[in-house]
Number of protein chains: 2
Amino acid sequence: MDSVNMKKPKPAPAYHHGNLRAGLIEAALALLDEAGVEAVTIRAVARRAGVTHAAPANHFRDRKALLTALATGIFAKLAGRIAAKLAAARGGRAARLQVFADAVTGFALAHPHRYRLLWRRDSLDDGDAGLQQAMDAIYDRLVAELSEDGASSVSADSRAVALWSMVHGYVALRLDGNFVALRDARTRAPRQAAIVTALIEGIGGEAKAKRKR
Amino acid sequence: MDSVNMKKPKPAPAYHHGNLRAGLIEAALALLDEAGVEAVTIRAVARRAGVTHAAPANHFRDRKALLTALATGIFAKLAGRIAAKLAAARGGRAARLQVFADAVTGFALAHPHRYRLLWRRDSLDDGDAGLQQAMDAIYDRLVAELSEDGASSVSADSRAVALWSMVHGYVALRLDGNFVALRDARTRAPRQAAIVTALIEGIGGEAKAKRKR
DNA sequence: CCCCTAAATTGACGCCGTCAATATACGGCC
DNA sequence: GGCCGTATATTGACGGCGTCAATTTAGGGG
(Lines give C-alpha, C1' and ligand atoms only; values in the text may rest on other atoms or scores of the structure.)
Protein backbone atom coordinates (compact mmCIF):
# COMPACT_ATOMS: atom_id res chain seq x y z
CA MET A 1 0.00 0.00 0.00
CA ASP A 2 1.69 3.15 -1.15
CA SER A 3 1.18 6.09 1.06
CA VAL A 4 2.58 9.05 -0.75
CA ASN A 5 1.33 8.73 -4.24
CA MET A 6 -2.04 7.41 -3.47
CA LYS A 7 -5.06 7.30 -5.65
CA LYS A 8 -8.56 7.97 -4.57
CA PRO A 9 -9.99 4.60 -3.64
CA LYS A 10 -13.42 6.01 -4.18
CA PRO A 11 -15.88 3.82 -6.03
CA ALA A 12 -16.97 7.13 -7.45
CA PRO A 13 -20.04 7.27 -9.66
CA ALA A 14 -17.51 8.58 -12.05
CA TYR A 15 -18.08 12.16 -12.62
CA HIS A 16 -15.08 13.59 -14.31
CA HIS A 17 -15.94 13.34 -17.90
CA GLY A 18 -19.29 11.98 -17.07
CA ASN A 19 -22.57 13.40 -16.06
CA LEU A 20 -21.77 16.08 -13.53
CA ARG A 21 -23.81 18.64 -15.39
CA ALA A 22 -26.89 16.49 -15.13
CA GLY A 23 -26.05 15.69 -11.53
CA LEU A 24 -25.84 19.36 -10.70
CA ILE A 25 -29.20 20.09 -12.29
CA GLU A 26 -30.71 17.24 -10.35
CA ALA A 27 -29.21 18.45 -7.09
CA ALA A 28 -30.33 21.99 -7.80
CA LEU A 29 -33.88 20.88 -8.48
CA ALA A 30 -33.98 18.96 -5.23
CA LEU A 31 -32.73 21.97 -3.30
CA LEU A 32 -35.20 24.21 -5.10
CA ASP A 33 -38.16 22.02 -4.20
CA GLU A 34 -37.02 21.69 -0.62
CA ALA A 35 -36.16 25.25 0.26
CA GLY A 36 -36.71 27.63 -2.62
CA VAL A 37 -34.42 29.46 -4.93
CA GLU A 38 -32.48 31.10 -2.11
CA ALA A 39 -31.19 27.70 -1.12
CA VAL A 40 -29.90 26.92 -4.58
CA THR A 41 -26.37 28.19 -4.07
CA ILE A 42 -23.46 27.01 -6.12
CA ARG A 43 -21.77 25.62 -3.08
CA ALA A 44 -24.80 23.80 -1.74
CA VAL A 45 -25.47 22.26 -5.13
CA ALA A 46 -21.85 21.15 -5.36
CA ARG A 47 -21.99 19.61 -1.90
CA ARG A 48 -25.14 17.74 -2.76
CA ALA A 49 -23.63 16.44 -5.97
CA GLY A 50 -20.55 15.32 -4.06
CA VAL A 51 -18.01 17.63 -5.64
CA THR A 52 -16.08 20.61 -4.40
CA HIS A 53 -17.35 24.14 -4.45
CA ALA A 54 -15.65 25.20 -7.67
CA ALA A 55 -16.46 22.17 -9.77
CA PRO A 56 -19.73 23.57 -11.12
CA ALA A 57 -17.82 26.39 -12.76
CA ASN A 58 -16.82 23.97 -15.49
CA HIS A 59 -20.43 23.51 -16.49
CA PHE A 60 -22.14 26.77 -15.60
CA ARG A 61 -20.51 30.15 -15.92
CA ASP A 62 -22.13 31.42 -12.76
CA ARG A 63 -25.15 30.98 -10.55
CA LYS A 64 -27.44 32.70 -13.00
CA ALA A 65 -26.47 30.26 -15.72
CA LEU A 66 -27.26 27.32 -13.46
CA LEU A 67 -30.64 28.73 -12.49
CA THR A 68 -31.39 29.59 -16.11
CA ALA A 69 -30.76 26.03 -17.19
CA LEU A 70 -32.99 24.86 -14.37
CA ALA A 71 -35.75 27.29 -15.33
CA THR A 72 -35.58 26.35 -19.00
CA GLY A 73 -36.19 22.73 -18.16
CA ILE A 74 -39.07 23.64 -15.90
CA PHE A 75 -40.65 25.78 -18.61
CA ALA A 76 -40.39 22.93 -21.05
CA LYS A 77 -42.07 20.59 -18.62
CA LEU A 78 -44.88 23.05 -17.98
CA ALA A 79 -45.41 23.60 -21.69
CA GLY A 80 -45.53 19.87 -22.23
CA ARG A 81 -48.12 19.42 -19.57
CA ILE A 82 -50.28 22.19 -20.99
CA ALA A 83 -50.05 20.74 -24.46
CA ALA A 84 -50.93 17.27 -23.24
CA LYS A 85 -53.98 18.44 -21.34
CA LEU A 86 -55.21 20.54 -24.24
CA ALA A 87 -54.73 17.67 -26.63
CA ALA A 88 -56.90 15.48 -24.44
CA ALA A 89 -59.50 18.17 -23.83
CA ARG A 90 -63.05 17.92 -25.04
CA GLY A 91 -65.61 20.66 -25.28
CA GLY A 92 -65.76 24.10 -26.74
CA ARG A 93 -63.48 27.04 -26.37
CA ALA A 94 -64.61 27.99 -22.90
CA ALA A 95 -63.80 24.50 -21.70
CA ARG A 96 -60.43 24.58 -23.40
CA LEU A 97 -59.55 27.87 -21.76
CA GLN A 98 -60.43 26.37 -18.43
CA VAL A 99 -58.15 23.46 -19.19
CA PHE A 100 -55.32 25.83 -19.94
CA ALA A 101 -55.87 27.73 -16.72
CA ASP A 102 -56.16 24.51 -14.76
CA ALA A 103 -52.91 23.20 -16.16
CA VAL A 104 -50.96 26.29 -15.17
CA THR A 105 -52.57 26.62 -11.78
CA GLY A 106 -52.18 22.95 -11.01
CA PHE A 107 -48.52 22.94 -11.90
CA ALA A 108 -47.80 26.05 -9.87
CA LEU A 109 -49.57 24.81 -6.78
CA ALA A 110 -47.91 21.41 -7.05
CA HIS A 111 -44.44 22.90 -7.43
CA PRO A 112 -44.53 26.42 -6.04
CA HIS A 113 -40.78 26.96 -5.90
CA ARG A 114 -40.40 25.83 -9.47
CA TYR A 115 -43.11 28.15 -10.70
CA ARG A 116 -41.69 31.07 -8.79
CA LEU A 117 -38.25 30.52 -10.23
CA LEU A 118 -39.66 30.95 -13.71
CA TRP A 119 -40.32 34.62 -13.02
CA ARG A 120 -37.34 35.49 -10.88
CA ARG A 121 -35.83 37.56 -13.60
CA ASP A 122 -33.14 38.96 -11.36
CA SER A 123 -31.85 35.46 -10.80
CA LEU A 124 -32.01 34.42 -14.43
CA ASP A 125 -30.05 35.26 -17.54
CA ASP A 126 -32.63 37.32 -19.31
CA GLY A 127 -31.84 37.25 -22.95
CA ASP A 128 -31.00 33.57 -22.81
CA ALA A 129 -32.35 32.22 -26.07
CA GLY A 130 -33.44 28.85 -24.76
CA LEU A 131 -35.26 30.36 -21.84
CA GLN A 132 -37.07 32.88 -24.01
CA GLN A 133 -38.07 30.20 -26.46
CA ALA A 134 -39.44 27.96 -23.73
CA MET A 135 -41.53 30.84 -22.44
CA ASP A 136 -42.82 31.85 -25.84
CA ALA A 137 -44.01 28.32 -26.52
CA ILE A 138 -46.63 28.63 -23.81
CA TYR A 139 -47.86 32.02 -24.89
CA ASP A 140 -48.05 30.98 -28.52
CA ARG A 141 -50.15 27.99 -27.60
CA LEU A 142 -52.60 30.27 -25.88
CA VAL A 143 -52.83 32.71 -28.77
CA ALA A 144 -53.62 29.78 -31.04
CA GLU A 145 -56.53 28.84 -28.84
CA LEU A 146 -57.98 32.33 -29.13
CA SER A 147 -57.12 33.28 -32.65
CA GLU A 148 -60.41 32.47 -34.29
CA ASP A 149 -62.94 35.27 -34.24
CA GLY A 150 -64.36 36.07 -30.84
CA ALA A 151 -67.28 37.86 -29.34
CA SER A 152 -65.19 40.62 -27.78
CA SER A 153 -64.40 44.00 -29.17
CA VAL A 154 -60.69 43.58 -28.48
CA SER A 155 -58.27 41.61 -30.59
CA ALA A 156 -57.36 37.97 -30.04
CA ASP A 157 -53.92 39.08 -29.01
CA SER A 158 -55.27 41.23 -26.22
CA ARG A 159 -57.59 38.46 -25.14
CA ALA A 160 -54.64 36.10 -24.90
CA VAL A 161 -52.72 38.62 -22.86
CA ALA A 162 -55.76 39.11 -20.66
CA LEU A 163 -56.14 35.42 -19.90
CA TRP A 164 -52.46 34.74 -19.47
CA SER A 165 -52.11 37.76 -17.22
CA MET A 166 -55.05 36.73 -15.13
CA VAL A 167 -53.92 33.17 -14.68
CA HIS A 168 -50.37 34.17 -13.90
CA GLY A 169 -51.49 36.93 -11.56
CA TYR A 170 -53.88 34.66 -9.72
CA VAL A 171 -51.24 32.01 -9.28
CA ALA A 172 -48.63 34.51 -8.16
CA LEU A 173 -50.99 35.92 -5.58
CA ARG A 174 -52.05 32.48 -4.42
CA LEU A 175 -48.45 31.41 -3.98
CA ASP A 176 -47.78 34.57 -2.01
CA GLY A 177 -50.60 33.65 0.33
CA ASN A 178 -52.82 36.55 -0.65
CA PHE A 179 -55.67 34.31 -1.69
CA VAL A 180 -56.75 31.01 -0.32
CA ALA A 181 -58.59 28.27 -2.11
CA LEU A 182 -62.25 29.17 -2.10
CA ARG A 183 -65.36 28.42 -4.06
CA ASP A 184 -67.35 31.07 -5.80
CA ALA A 185 -70.37 32.15 -3.79
CA ARG A 186 -72.69 31.90 -6.78
CA THR A 187 -71.47 29.14 -9.02
CA ARG A 188 -69.86 27.03 -6.29
CA ALA A 189 -67.01 26.42 -8.71
CA PRO A 190 -63.46 26.74 -7.42
CA ARG A 191 -62.43 30.34 -7.55
CA GLN A 192 -59.73 29.48 -9.96
CA ALA A 193 -62.39 28.40 -12.43
CA ALA A 194 -64.77 31.20 -11.51
CA ILE A 195 -62.38 33.93 -12.53
CA VAL A 196 -61.89 32.34 -15.92
CA THR A 197 -65.65 32.25 -16.26
CA ALA A 198 -65.74 35.90 -15.29
CA LEU A 199 -63.29 36.70 -18.05
CA ILE A 200 -65.19 34.67 -20.62
CA GLU A 201 -68.59 36.11 -19.74
CA GLY A 202 -67.45 39.54 -18.70
CA ILE A 203 -67.91 41.20 -15.35
CA GLY A 204 -70.24 43.86 -16.65
CA GLY A 205 -69.76 47.57 -16.99
CA GLU A 206 -72.45 50.11 -16.30
CA ALA A 207 -75.49 48.73 -14.64
CA LYS A 208 -77.66 49.99 -17.47
CA ALA A 209 -75.50 48.37 -20.08
CA LYS A 210 -76.46 44.87 -19.20
CA ARG A 211 -76.12 42.68 -22.19
CA LYS A 212 -77.87 39.53 -22.95
CA ARG A 213 -75.55 36.62 -22.76
CA MET B 1 -39.52 54.28 21.28
CA ASP B 2 -41.35 52.76 24.17
CA SER B 3 -39.82 54.30 27.21
CA VAL B 4 -42.19 55.55 29.81
CA ASN B 5 -41.81 59.19 29.07
CA MET B 6 -40.11 60.16 25.93
CA LYS B 7 -39.34 63.43 24.34
CA LYS B 8 -39.14 64.45 20.76
CA PRO B 9 -35.79 66.13 20.35
CA LYS B 10 -36.53 66.84 16.71
CA PRO B 11 -33.11 68.42 16.33
CA ALA B 12 -29.99 68.20 14.35
CA PRO B 13 -29.17 66.30 11.21
CA ALA B 14 -26.82 64.42 13.43
CA TYR B 15 -27.83 60.87 14.02
CA HIS B 16 -27.33 59.38 17.41
CA HIS B 17 -30.61 59.85 19.04
CA GLY B 18 -32.00 61.40 15.95
CA ASN B 19 -33.53 60.13 12.82
CA LEU B 20 -31.34 57.29 11.73
CA ARG B 21 -34.31 55.03 11.22
CA ALA B 22 -35.81 57.44 8.73
CA GLY B 23 -32.42 57.96 7.18
CA LEU B 24 -32.00 54.26 6.67
CA ILE B 25 -35.39 53.94 5.01
CA GLU B 26 -34.52 56.81 2.73
CA ALA B 27 -31.18 55.29 1.82
CA ALA B 28 -32.78 51.92 1.26
CA LEU B 29 -35.40 53.41 -1.04
CA ALA B 30 -32.73 55.14 -3.07
CA LEU B 31 -30.76 51.93 -3.43
CA LEU B 32 -33.92 50.05 -4.32
CA ASP B 33 -34.81 52.46 -7.09
CA GLU B 34 -31.30 52.47 -8.43
CA ALA B 35 -30.44 48.80 -8.45
CA GLY B 36 -33.29 46.66 -7.19
CA VAL B 37 -33.87 44.74 -4.03
CA GLU B 38 -30.65 42.76 -4.36
CA ALA B 39 -28.71 45.95 -3.81
CA VAL B 40 -30.54 46.80 -0.62
CA THR B 41 -28.09 45.16 1.76
CA ILE B 42 -27.76 46.18 5.36
CA ARG B 43 -24.18 47.24 4.81
CA ALA B 44 -24.86 49.24 1.69
CA VAL B 45 -27.74 51.03 3.35
CA ALA B 46 -25.54 51.80 6.34
CA ARG B 47 -22.79 53.16 4.11
CA ARG B 48 -25.23 55.37 2.28
CA ALA B 49 -26.64 56.69 5.52
CA GLY B 50 -23.13 57.42 6.75
CA VAL B 51 -23.01 54.98 9.62
CA THR B 52 -21.16 51.77 10.22
CA HIS B 53 -22.36 48.39 9.17
CA ALA B 54 -23.88 47.35 12.47
CA ALA B 55 -25.72 50.55 13.27
CA PRO B 56 -28.95 49.52 11.51
CA ALA B 57 -29.32 46.62 13.92
CA ASN B 58 -30.57 49.09 16.49
CA HIS B 59 -33.55 49.95 14.32
CA PHE B 60 -34.26 46.81 12.33
CA ARG B 61 -33.87 43.32 13.64
CA ASP B 62 -32.56 42.03 10.34
CA ARG B 63 -32.68 42.62 6.63
CA LYS B 64 -36.19 41.29 6.31
CA ALA B 65 -37.42 43.76 8.86
CA LEU B 66 -35.85 46.63 6.95
CA LEU B 67 -37.35 45.50 3.66
CA THR B 68 -40.70 44.94 5.30
CA ALA B 69 -40.78 48.48 6.61
CA LEU B 70 -39.83 49.69 3.17
CA ALA B 71 -42.55 47.63 1.51
CA THR B 72 -45.19 48.73 3.95
CA GLY B 73 -44.53 52.35 3.12
CA ILE B 74 -44.64 51.62 -0.57
CA PHE B 75 -47.95 49.80 -0.22
CA ALA B 76 -49.40 52.74 1.64
CA LYS B 77 -48.27 55.11 -1.07
CA LEU B 78 -49.78 52.92 -3.78
CA ALA B 79 -53.06 52.63 -1.90
CA GLY B 80 -53.14 56.38 -1.48
CA ARG B 81 -52.60 56.96 -5.14
CA ILE B 82 -55.35 54.52 -6.07
CA ALA B 83 -57.76 56.12 -3.65
CA ALA B 84 -56.96 59.60 -4.94
CA LYS B 85 -57.47 58.67 -8.56
CA LEU B 86 -60.72 56.86 -7.81
CA ALA B 87 -61.98 59.80 -5.81
CA ALA B 88 -61.37 62.08 -8.74
CA ALA B 89 -62.78 59.67 -11.29
CA ARG B 90 -65.89 60.38 -13.29
CA GLY B 91 -67.93 57.92 -15.24
CA GLY B 92 -69.55 54.60 -14.59
CA ARG B 93 -68.18 51.43 -13.22
CA ALA B 94 -66.29 50.42 -16.33
CA ALA B 95 -64.48 53.73 -16.27
CA ARG B 96 -63.71 53.37 -12.58
CA LEU B 97 -62.26 49.93 -13.08
CA GLN B 98 -60.04 51.31 -15.78
CA VAL B 99 -58.91 54.01 -13.38
CA PHE B 100 -58.01 51.39 -10.83
CA ALA B 101 -56.04 49.39 -13.36
CA ASP B 102 -54.34 52.51 -14.66
CA ALA B 103 -53.30 53.53 -11.19
CA VAL B 104 -51.66 50.21 -10.43
CA THR B 105 -50.04 49.86 -13.82
CA GLY B 106 -48.81 53.42 -13.83
CA PHE B 107 -47.25 53.09 -10.42
CA ALA B 108 -45.56 49.82 -11.26
CA LEU B 109 -44.10 51.07 -14.51
CA ALA B 110 -42.92 54.27 -12.91
CA HIS B 111 -41.25 52.46 -10.01
CA PRO B 112 -40.60 48.88 -11.12
CA HIS B 113 -38.26 47.93 -8.30
CA ARG B 114 -40.68 49.23 -5.72
CA TYR B 115 -43.56 47.28 -7.18
CA ARG B 116 -41.51 44.12 -7.40
CA LEU B 117 -40.46 44.39 -3.78
CA LEU B 118 -44.10 44.30 -2.74
CA TRP B 119 -44.35 40.70 -3.86
CA ARG B 120 -40.96 39.39 -2.86
CA ARG B 121 -42.41 37.38 -0.07
CA ASP B 122 -39.18 35.55 0.54
CA SER B 123 -37.50 38.83 1.37
CA LEU B 124 -40.31 40.10 3.55
CA ASP B 125 -41.61 39.24 6.98
CA ASP B 126 -44.82 37.57 5.96
CA GLY B 127 -47.14 37.76 8.85
CA ASP B 128 -46.13 41.31 9.58
CA ALA B 129 -49.36 42.97 10.60
CA GLY B 130 -48.66 46.35 9.10
CA LEU B 131 -47.66 44.87 5.78
CA GLN B 132 -50.71 42.66 5.60
CA GLN B 133 -52.96 45.56 6.45
CA ALA B 134 -51.44 47.77 3.80
CA MET B 135 -52.01 45.06 1.23
CA ASP B 136 -55.57 44.38 2.27
CA ALA B 137 -56.46 48.04 1.95
CA ILE B 138 -55.98 47.87 -1.80
CA TYR B 139 -57.95 44.69 -2.26
CA ASP B 140 -60.79 45.93 -0.09
CA ARG B 141 -61.04 49.09 -2.16
CA LEU B 142 -61.43 47.00 -5.25
CA VAL B 143 -64.08 44.75 -3.76
CA ALA B 144 -66.03 47.86 -2.80
CA GLU B 145 -66.01 49.02 -6.41
CA LEU B 146 -67.48 45.73 -7.53
CA SER B 147 -69.82 44.88 -4.73
CA GLU B 148 -73.04 46.10 -6.26
CA ASP B 149 -74.75 43.51 -8.39
CA GLY B 150 -73.16 42.79 -11.74
CA ALA B 151 -73.96 41.17 -15.01
CA SER B 152 -71.74 38.18 -14.45
CA SER B 153 -72.76 34.83 -13.13
CA VAL B 154 -69.89 34.81 -10.65
CA SER B 155 -69.84 36.61 -7.33
CA ALA B 156 -68.44 40.09 -6.75
CA ASP B 157 -65.65 38.54 -4.78
CA SER B 158 -64.52 36.42 -7.69
CA ARG B 159 -64.82 39.38 -10.01
CA ALA B 160 -62.56 41.38 -7.73
CA VAL B 161 -60.07 38.56 -7.66
CA ALA B 162 -60.26 38.30 -11.42
CA LEU B 163 -59.51 41.97 -11.99
CA TRP B 164 -56.85 42.21 -9.35
CA SER B 165 -55.20 39.05 -10.64
CA MET B 166 -55.26 40.30 -14.19
CA VAL B 167 -53.85 43.69 -13.39
CA HIS B 168 -51.15 42.24 -11.17
CA GLY B 169 -50.32 39.52 -13.64
CA TYR B 170 -50.11 41.93 -16.52
CA VAL B 171 -47.86 44.25 -14.61
CA ALA B 172 -45.65 41.42 -13.41
CA LEU B 173 -45.25 40.12 -16.93
CA ARG B 174 -44.63 43.60 -18.29
CA LEU B 175 -41.95 44.23 -15.71
CA ASP B 176 -40.35 40.92 -16.59
CA GLY B 177 -40.17 42.00 -20.18
CA ASN B 178 -42.61 39.42 -21.46
CA PHE B 179 -44.91 42.02 -22.93
CA VAL B 180 -44.15 45.33 -24.48
CA ALA B 181 -46.38 48.35 -24.66
CA LEU B 182 -48.72 47.85 -27.57
CA ARG B 183 -52.06 49.05 -28.75
CA ASP B 184 -54.94 46.73 -29.35
CA ALA B 185 -55.37 45.89 -33.02
CA ARG B 186 -59.09 46.57 -32.94
CA THR B 187 -59.77 49.26 -30.42
CA ARG B 188 -56.44 51.06 -30.76
CA ALA B 189 -56.49 51.47 -27.00
CA PRO B 190 -53.32 50.71 -25.08
CA ARG B 191 -53.18 47.03 -24.36
CA GLN B 192 -53.31 47.72 -20.70
CA ALA B 193 -56.76 49.23 -21.19
CA ALA B 194 -57.81 46.66 -23.74
CA ILE B 195 -57.43 43.74 -21.40
CA VAL B 196 -59.60 45.45 -18.82
CA THR B 197 -62.19 45.98 -21.52
CA ALA B 198 -61.87 42.31 -22.37
CA LEU B 199 -62.62 41.41 -18.79
CA ILE B 200 -65.58 43.76 -18.57
CA GLU B 201 -67.14 42.68 -21.83
CA GLY B 202 -66.00 39.08 -21.78
CA ILE B 203 -63.88 37.32 -24.32
CA GLY B 204 -66.62 35.02 -25.45
CA GLY B 205 -66.96 31.32 -25.07
CA GLU B 206 -68.49 29.22 -27.78
CA ALA B 207 -69.08 31.03 -31.01
CA LYS B 208 -72.79 30.56 -30.56
CA ALA B 209 -73.94 31.49 -27.10
CA LYS B 210 -74.56 28.10 -25.68
CA ARG B 211 -75.12 28.19 -22.01
CA LYS B 212 -74.77 24.95 -20.35
CA ARG B 213 -74.01 24.05 -16.78
C1' DC C 1 2.83 5.01 -24.25
C1' DC C 2 2.80 9.72 -23.71
C1' DC C 3 0.88 13.95 -23.75
C1' DC C 4 -2.75 17.27 -24.38
C1' DT C 5 -6.74 19.02 -22.66
C1' DA C 6 -11.04 18.95 -20.14
C1' DA C 7 -12.50 18.39 -15.48
C1' DA C 8 -12.00 18.79 -10.58
C1' DT C 9 -9.49 20.48 -6.44
C1' DT C 10 -7.39 23.83 -3.46
C1' DG C 11 -6.97 28.22 -1.78
C1' DA C 12 -7.78 32.98 -1.75
C1' DC C 13 -10.45 37.42 -2.02
C1' DG C 14 -14.08 40.59 -0.93
C1' DC C 15 -18.69 40.74 -0.23
C1' DC C 16 -22.70 39.57 2.85
C1' DG C 17 -25.73 39.02 7.54
C1' DT C 18 -25.27 38.64 12.15
C1' DC C 19 -23.51 38.45 16.83
C1' DA C 20 -20.71 40.04 20.95
C1' DA C 21 -18.06 43.36 23.22
C1' DT C 22 -16.99 48.03 23.57
C1' DA C 23 -17.31 53.02 23.16
C1' DT C 24 -20.13 57.19 22.98
C1' DA C 25 -23.64 60.64 23.73
C1' DC C 26 -28.07 62.02 25.33
C1' DG C 27 -31.55 63.07 29.04
C1' DG C 28 -33.06 62.66 33.73
C1' DC C 29 -31.81 63.51 38.30
C1' DC C 30 -29.32 65.25 42.18
C1' DG D 1 -22.89 71.68 36.96
C1' DG D 2 -21.88 66.70 37.48
C1' DC D 3 -23.16 61.91 37.60
C1' DC D 4 -25.17 57.95 35.56
C1' DG D 5 -28.21 54.77 33.09
C1' DT D 6 -29.41 53.57 28.75
C1' DA D 7 -30.22 53.94 24.01
C1' DT D 8 -27.33 54.28 20.17
C1' DA D 9 -23.23 53.60 17.35
C1' DT D 10 -18.56 51.38 16.57
C1' DT D 11 -15.25 47.74 16.24
C1' DG D 12 -14.13 43.25 15.35
C1' DA D 13 -15.07 38.58 14.47
C1' DC D 14 -17.37 34.41 12.32
C1' DG D 15 -19.09 31.53 8.72
C1' DG D 16 -21.27 31.37 4.15
C1' DC D 17 -21.53 33.08 -0.27
C1' DG D 18 -19.84 33.84 -5.56
C1' DT D 19 -16.00 33.99 -8.12
C1' DC D 20 -11.25 33.90 -9.66
C1' DA D 21 -6.39 31.87 -10.23
C1' DA D 22 -3.26 28.23 -9.80
C1' DT D 23 -2.78 23.47 -9.49
C1' DT D 24 -3.69 18.60 -9.78
C1' DT D 25 -6.04 14.78 -11.86
C1' DA D 26 -8.07 11.76 -15.36
C1' DG D 27 -9.06 10.02 -19.98
C1' DG D 28 -8.84 9.74 -24.95
C1' DG D 29 -6.33 10.51 -29.37
C1' DG D 30 -1.81 10.60 -31.67
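The values are calculated or read from the model by the stated rules, or taken from the named source; none is laboratory data. Here the structure is a predicted model, which is why all the values come from computation and not from measurement. For neighbour counting, all protein chains shown are included, and Cβ atoms are generated from backbone atoms with ideal geometry for every residue, glycine included. Ligands, DNA and RNA are excluded from the accessible area calculation, which covers all protein heavy atoms including side chains. Shrake-Rupley method; radii C 1.70, N 1.55, O 1.52, S 1.80 Å.
Listing for the model above:
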{"read-out": "Prolate/oblate/rounded label for region A:13-60 (Cα gyration tensor, a/c 1.5)", "value": "prolate"}
{"read-out": "Between region A:107-129 and region B:22-58, the Cα center-to-center distance that results, in Å", "value": "27"}
{"read-out": "Chain A, accessible surface, carbon-and-sulfur percent (1.4 angstrom probe)", "value": "54"}
{"read-out": "Dipole of the protein assembly as shown, positive direction: furthest Cα of A:A30, A:G169, B:A144, with charges on the beta-carbon", "value": "B:A144"}
{"read-out": "With Cα atoms, 0 to 90° folded angle of helix A:129-146 axis to chain A main axis", "value": "20"}
{"read-out": "Cα gyration tensor, the protein assembly as shown - rounded (a/c under 1.5), prolate or oblate", "value": "oblate"}
{"read-out": "Among B:R90, B:R121, B:R186: highest mean-square fluctuation, GNM of chain B, C-alpha pairs under 10 Å", "value": "B:R186"}
{"read-out": "The protein assembly as shown, accessible area per residue, ligands and nucleic acids excluded (1.4 Å, Å²)", "value": "51"}
{"read-out": "Among B:L31, B:L163, B:L173, residue whose mean-square fluctuation peaks in a GNM of chain B (springs only between Cα atoms under 10 Å)", "value": "B:L173"}
{"read-out": "Computed over chain B: relative contact order in percent, which uses C-alpha pairs under 8 Å that are six or more apart", "value": "17"}
{"read-out": "Rounded if a/c under 1.5, otherwise prolate or oblate - chain B, Cα gyration tensor axes", "value": "prolate"}
{"read-out": "Helix A:156-175 vs. chain A, principal-axis angle (Cα, 0 to 90°, nearest 10)", "value": "60"}
{"read-out": "Loop trypsin sites (Lys or Arg not before Pro), region B:46-76 (other Cβ atoms within 10 Å of the site Cβ: 15 or fewer; DSSP)", "value": "B:R61"}
{"read-out": "Angle in degrees between helix B:63-87 and the longest Cα principal axis of chain B, rounded to the nearest 10", "value": "50"}
{"read-out": "Cα pair distances of region A:134-204 binned at 5 Å [whole percent]", "value": "3, 15, 21, 24, 18, 14, 5, 1"}
{"read-out": "Largest to smallest principal axis extent of the C-alpha atoms in region A:70-114, angstrom", "value": "35, 17, 11"}
{"read-out": "Distant-in-sequence amide H partners of A:R183 (H built 1.01 Å from N, under 5 Å)", "value": "A:R191"}
{"read-out": "Karplus (6.51, -1.76, 1.60) ³J(HN,Hα), θ = phi - 60°, over region B:31-46, in Hz, Gly and Pro reported as x", "value": "5, 4, 5, 6, 9, x, 5, 4, 7, 7, 9, 3, 5, 5, 4, 4"}
{"read-out": "Net dipole in debye of region B:65-201 [+1 Lys, Arg Cβ; -1 Asp, Glu Cβ; about Cα centre; nearest 20]", "value": "700"}
{"read-out": "Hz values of 3J(HN,Hα) by residue in region A:176-192 - Karplus curve (6.51, -1.76, 1.60), Gly and Pro given as x", "value": "7, x, 7, 10, 10, 5, 9, 10, 5, 5, 9, 8, 6, 6, x, 3, 4"}
{"read-out": "Chains B and A together, accessible area buried on both sides, 1.4 angstrom probe, square angstrom", "value": "5200"}
{"read-out": "Estimated distance in nm for a label pair at A:R48 and B:A57, the labels positioned 7 Å out from Cα along Cα-to-Cβ", "value": "3.1"}
{"read-out": "Value at 222 nm in deg cm²/dmol, rounded to 500, when DSSP H runs of n ≥ 4 in chain B each add -39,500 (n - 2.57)", "value": "-19000 deg cm²/dmol"}
